[in-house]
Amino acid sequence: MKDYVICMDASGDILREIAKENDIAFVPMEYSLGEEMRTSRGCEDEGILKKFYDGQRSGDLTRTSQISPFMYEEFFRDILKQGKSVLYFCLSSGLSATFECSMLAAENLREEYPDQEILPVDSLAATGGIGILVEKAVDNRKNGMGIRENYEAVQALVPRLRHYFMVQDLMYLKRGGRVSAATAIVGSALNIKPLLKIDENGKLVTIDKKRGNKAAMTALFQYFKENYDSETGKTIYICDADTPELAEELAEKVKTDTPDVTVRRTMLSPIIGAHTGPGMLSMILLAKG
């Protein structure tokens, strides 16, 4: 049943081939590198991402722009005109107003297109967490689920998502208002690598700190060990902001420990990378019930 389109915004990460094979539509999002404004339309080329993170390392400031309800209306209308409905996965409401804006757009379009639906999913997630939910939605659609049933099925998975990640410099998160100034200053001292998670409300919280990258990466592996449940989902995402050596080492540790796991390796979207900085490494999975 393909009477609906599965969408995600450009803050999410998913393998390019999966997005292409399943006609995943991306809501574009704007970001800047220094004085240059850019538009991300999802699954950025790795060369572009490398340049982005190199720019951050060189001192270029990065920021993102909010998607307005009008922008959502324009995007959704193009799909509705085709006679199709929309199942949309957006960035956590605890990190952005995207969910609220998409809901306003859906309400505004309801009278104009009464025979179609727009169902935004508040993922309470980012990066590969959105990718995991989209993959589940794709499988559900292939198995014949209509849009409403699929919406309810993926909504039920949201509380099981787990995002754990390390950052090199909390000042990026501080600039975007995601953590306090005090937390950022303490975390940036003495090669301390803060470990954070997205909590049950979709907000960022600091959960630990380790001295050095290897210790932080090992902690991410332990979070995998504590939370992985093959019955809930065998796919995990390891997303990195241009730190491929650590990401590959983490992936190998996971695959050696748990051979049945499916590891998706992607570079981090610039929409999230603008707020986390270069060198971020994440472990994202569906956890035990």
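No lab work stands behind these numbers, since they all come straight from the coordinates. Only a predicted model underlies this, so the values are computations on that prediction, with no experimental measurement involved. As a convention, Cβ positions derive from the backbone with ideal geometry for all residues, glycine included, and neighbour counts pool all protein chains shown.
Beta-bridge orientation, region 1-160: approximately 35 percent antiparallel, per DSSP, counting only bridges with both partners inside.
Taking the convex hull of the alpha carbon positions in region 10-92 and averaging its projected area over all directions gives 6.5 nm². Sorting the segments 268-275, 202-209 by their mean number of nearby beta carbons within 10 angstrom, highest to lowest, gives 268-275, 202-209. For residue 109, the shell of other residues with beta-carbons less than 15 Å away shows a net charge of -4, using +1 for Lys and Arg and -1 for Asp and Glu. Extension gain for the segment residue 66 to residue 36, taken as residue separation times 0.36 nm less the Cα-Cα distance, is 9.1 nm to one decimal.
How much net charge surrounds residue 37 when only other residues with a Cβ under 11 Å from its Cβ are counted (Lys, Arg +1; Asp, Glu -1)? Surrounding charge for residue 37 is -1. Size of region 189-264: Rg and Dmax of its alpha carbons, in Å, are 13.1, 41. Toward the positive end of the charge dipole of region 191-289, with +1 on the Cβ of Lys and Arg and -1 on the Cβ of Asp and Glu, the farthest Cα among 191, 272, 216 is that of 191. Each label point was placed 7 Å from the Cα along the Cα-to-Cβ direction; for residue 191 and residue 139 their separation is 4.1 nm.
Under a model in which nothing but the beta-carbon of Lys, Arg (+1) and Asp, Glu (-1) is charged, the chain shows a dipole of about 900 debye around its Cα centre.
Amide H contacts under 5 Å for residue 27: 8, 9, 10, restricted to partners 5 or more places along the chain or on a different chain, H placed in the peptide plane at 1.01 Å from N.
Each semi-axis of the equivalent ellipsoid for region 45-106 is √(5λ) with λ an eigenvalue of the Cα gyration tensor; in descending order they amount to 30, 15, 10 Å.
With θ taken as phi - 60° and the Karplus curve 6.51 cos²θ - 1.76 cosθ + 1.60 applied, the whole-hertz 3J(HN,Hα) list for region 5-12 is 9, 8, 10, 8, 8, 6, 7, x Hz, x standing for glycine and proline.
Three principal axis extents describe the C-alpha atoms of the chain; from largest down they are 58, 45, 33 Å. Using the empirical formula 2.2 N^0.38 Å as the baseline, the Cα radius of gyration of region 85-166 reaches a ratio of 1.13. When the Cα convex hull of region 1-146 is projected onto planes of every orientation, the mean area is 8.8 nm².
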